[in-house]
Amino acid sequence: MASTTIDIDTELSAVNNILGAIGQSPITTLNFDNPEISFIFNLLRDANVDTQAEGWHFNTEKHVTFSKDANGKIAIGNDILSMDLHDNQARRTYNLVRRNGFLYDKQDHTDVFTTDLDLDVVRLYNFEDLPIVFRRYITYRASRQAATQLVANPNLVKLLQGQESLARASLMEYECNQ
C-alpha cells in the first residue's frame, strides 16, 4: 500500500492560509514582487521571530560553548535570539549582548574575551523546522495581524483572535508536555 505524503505548514501554505483568512485567492509560489504577498510574508516572518523569542523547550539550549577566535572575539550568529552566560544570574560576571555579530560585555566594555564561554541560548529556527503546533499558532497570529491591518472587518479579527487563542492553548499544552 502506497503512503501519501502531504506537505503541510510550509511558508507557502502558511501564506495561503493567511490569504484565505482575509478572503484572498491562494498563490502557487512566493512572489515577493507582489506587495501584498511580501507584506503577508513579513507578517509571518515577524510572528515567527516574536513567538520563538519567547524561548521554548525546542529552541532553548543550556551550556553551549562559544569559542573565541584568534583575536579573542566570539562570533554570535543571527540565529541566536537571546543569550546569557550559564548561571550568570547568580554570579553576574558579565553583561552580554550581541554587537556587530560578536559577543560584547557591557560590564567591562569589551568584545575581547580571554576564554571560551558557556552560554544559555534561545535559537531561531526556520518555519518548516518548528513543531507543528508552533507553525499553526504563528500562522493564526499572522492571519489576525493581516486581518487587522488589511481588512476593515472587526468580526473577522475577532474570529481570528479566537483561532489564535485556541492555537496558543495547544502550544502551551505541547510545551508543558515537553
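The values are calculated or read from the model by the stated rules, or taken from the named source; none is laboratory data. This is a predicted model, so every value here is computed, not measured. Counting neighbours? That spans all protein chains shown, and the Cβs are built from the backbone with ideal geometry, glycine included. Heavy atoms of the whole protein, side chains included, go into the accessibility calculation; ligands, DNA and RNA do not. Shrake-Rupley method; radii C 1.70, N 1.55, O 1.52, S 1.80 Å.
Taking the range 78-136 as the range and being touching a Phe, Trp or Tyr at 6+ places or on another chain (Cβ under 7 Å), surrounded by fewer than 17 Cβ atoms within 10 Å (Cβ to Cβ) and farther than 26 Å from F58 by Cβ as the test, only Q107 passes.
Of all the listed residues (A147, A152), the sole one being open to solvent by 70 Å² or more (accessible area, probe 1.4 Å) and among the hydrophobic types (A, V, I, L, M, F, W, C) is A152. Given the criterion free of Cβ contacts under 8 Å to residues at least 12 places away in the same chain, open to solvent by less than 70 Å² (accessible area, probe 1.4 Å) and within 19 Å of the chain's Cα centre (by Cα), identify the matching residue among A169, A142. Just a single option satisfies the conditions, and that option is A169.
Of all residues in the range 4-50, those satisfying the criterion of being in contact (Cβ under 8 Å) with a residue 40 or more places away in the chain and not in a helix (DSSP H, G or I) are I8, D9, T10, I22, G23.
Conditions (1) among the acidic types (D, E); (2) modelled with pLDDT under 95, marked per residue:
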site: D46; (1), (2): yes, no
site: T60; (1), (2): no, no
site: K68; (1), (2): no, no
site: A75; (1), (2): no, no
site: L85; (1), (2): no, yes
site: F102; (1), (2): no, no
site: T110; (1), (2): no, no
site: L124; (1), (2): no, no
site: L130; (1), (2): no, no
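Can you list the strands (runs of 3 or more DSSP E) found entirely within the range 70-133 that contain at least 2 residues being touching a Ser or Thr at 6+ places or on another chain (Cβ under 8 Å)?
Where strands (runs of 3 or more DSSP E) fall fully within the range 70-133 and carry at least 2 residues being touching a Ser or Thr at 6+ places or on another chain (Cβ under 8 Å), they are 117-123.
I'd like to check something: does the range 61-75 contain any residue that is free of Cβ contacts under 8 Å to residues at least 12 places away in the same chain, among the acidic types (D, E) and under 30 Å from N16 (Cβ atoms)? No, the range 61-75 has no match at all.
When only residues in the range 53-77 that are charged (D, E, K, R) and over 22 Å from Y125 (Cβ atoms) count, which is most open to solvent (accessible area, probe 1.4 Å)? In this case the residue turns out to be K68.
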